């Protein structure tokens, strides 16, 4: 033991260099978004596989819950389908145009890394550019909105989770269609703040909050959560609304990536407004 | 511990501010971003204790990192430079000059040695910096070009600043 100390003391310059360099490297890889994705990707044979293997194993234990959720989603989709068929029978003129491509395309993916305990939480999924994922696509699951893709590598993508204070989502209250923006409060993993809803609007606890469709990332009306409580901040004209998120970020497993096929067209069109 | 401690504190602050407020905003064609703050490490006395050299290098790097939002990248590069500095000093100058406790500046070393000293140090520091930034050898040629062009600019600015200071 003493000779170890003596060795360390004699080579303290080298030791200190190695320690400080290791600290820097950890900082580089853990705090810089870009480097994390690249690191993850370049070592995917190692870290990526371990993550995925473990996740696969873990899947078996949650098969029951996943099945129940899928069944519930199936039921709700079937109901929507039925309603649409009924509508078509009643109003045959409303038949959708089959020539036009669908506006939104969904790709399923599995969450392989996710956090809820930081101020800026990120989510990593097992689909990347090879599967057609691009930055600025939305991430949803059966319960509601999950986040937005920001970085894509060949086999993986990472994105801002809804639990990231840098992510702002245009949202509206279904009962009155007033829209504001939803941003995480940074405190608890199932509540977020809905901002910019003016005073004169009537708001009730239990009202549903959905995406407004103005962001051209998410389709109109994707579930976000329900209003848990609301209050008045003195000195402003807006409510302070707390929304209970419908997605459970702690048990997030399967998600879908939403691609708006008309997004480029929309952005091009809207950019004309700015240049004028 | 060091002669003119106050002078070094002021130099530290000035160099960090010049770097983050002025030079970080100069990005010519995206290829050239000069980093001259390492001048602080270069000008520390030869006889400075090793732990102090590494500690202050890390502190300098992390200060730049905090301002430019690149945690770890600059500190990694400055710690590497701090670690290699004694070796570089031995390479470029004689034993007498080092042992006399001189500071490695333009007047003490003379132009040729000082130029060698600056060029080697800047190249090492920038090499780590740019490759840590891109974090892959994918755009190897572009990174190489950024490294060389930025290094040339940094070297020119550092030398020019020394000429201006030591003329007076």
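Throughout, read-outs are computed from the coordinates displayed, never taken from laboratory work. All values derive from a computational prediction rather than experimental measurement. Here the Cβ positions follow ideal geometry from the backbone for every residue, glycine too, while neighbour counts run over all protein chains shown.
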Taking a ≥ b ≥ c as the square roots of the eigenvalues of the Cα gyration tensor, with a/c under 1.5 meaning rounded and otherwise prolate when a/b exceeds b/c and oblate if not, region A:224-276 is oblate
Over the whole of B:40-52, what's the average partner chain Cβ count within 10 Å per residue? Rounded to a whole number, please. 1
For residue A:214 and residue B:20, extending 7 Å from Cα along the Cα-Cβ vector and measuring point to point gives, in nm, a value of 3.6 nm
Computed [θ] at 222 nm, deg cm²/dmol, the protein assembly as shown (DSSP H ≥ 4; -39,500 (n - 2.57); rounded to nearest 500): -15500 deg cm²/dmol
For helix B:50-68, what angle does its Cα long axis make with the longest principal axis of chain B, in degrees from 0 to 90 and rounded to 10? 30 degrees
In percent, what relative contact order does chain B have, based on Cα pairs under 8 Å that are 6 or more apart in sequence? 25 percent
Contour minus Cα-Cα distance for residue B:47 and residue B:112 (0.36 nm per residue): 21.3 nm
What does the average come to when, for each residue of peptide A:7-19, you count the partner chain Cβ atoms lying within 10 Å of its Cβ? 3
Got a sec? How would A:21, A:196, A:73 order by Cβ neighbour count within 10 Å, fewest to most? A:73, A:196, A:21
So how tilted is helix B:140-167 from the main axis of chain B? Cα-based, degrees 0 to 90, rounded to 10. 30 degrees
Given the Cα-Cα distance of residue B:31 and residue B:9 and 0.36 nm per residue of separation, how much length would full extension add, in nm? 4.8 nm
At 7 Å along Cα-to-Cβ for each site, give me the label-to-label distance between residue A:199 and residue A:271 in nm. 4.1 nm
Among A:131, B:125, A:200, rank each residue by its count of other Cβ atoms within 10 Å, from fewest to most, as a rough exposure measure. A:200, A:131, B:125
Once you have the Cα-Cα distance between residue A:165 and residue A:233, take 0.36 nm times their residue separation minus that, and quote the gain in nm to one decimal. 22.5 nm
If each residue's Cβ is checked for other Cβ atoms within 10 Å, how do A:127, A:79 rank with the fewest at the top? A:79, A:127
Once you have a ≥ b ≥ c as the square roots of the Cα gyration tensor eigenvalues for region A:102-276, tell me rounded if a/c is under 1.5, and otherwise prolate or oblate according to whether a/b is larger than b/c. oblate
For B:72-78, A:170-176, ranked highest to lowest by mean beta-carbon neighbours within 10 Å, the order is B:72-78, A:170-176
Compute the helix-to-body angle for B:111-134: its Cα long axis versus the longest principal axis of chain B, expressed 0 to 90° and rounded to tens. 30 degrees
Scattering profile of region B:5-167 at q = 0.17, 0.19 Å⁻¹ [log10 I(q)/I(0), Debye over alpha-carbon scatterers]: -1.03, -1.30
Counting partner chain Cβ atoms within 10 Å of every residue's Cβ in B:59-68, what's the average? 1
Over 38 Å [Cα-Cα, the protein assembly as shown], rounded percent: 44 percent
Gyration tensor verdict on region A:181-276 (Cα atoms; rounded if a/c is under 1.5, prolate if a/b is larger than b/c, oblate otherwise): oblate
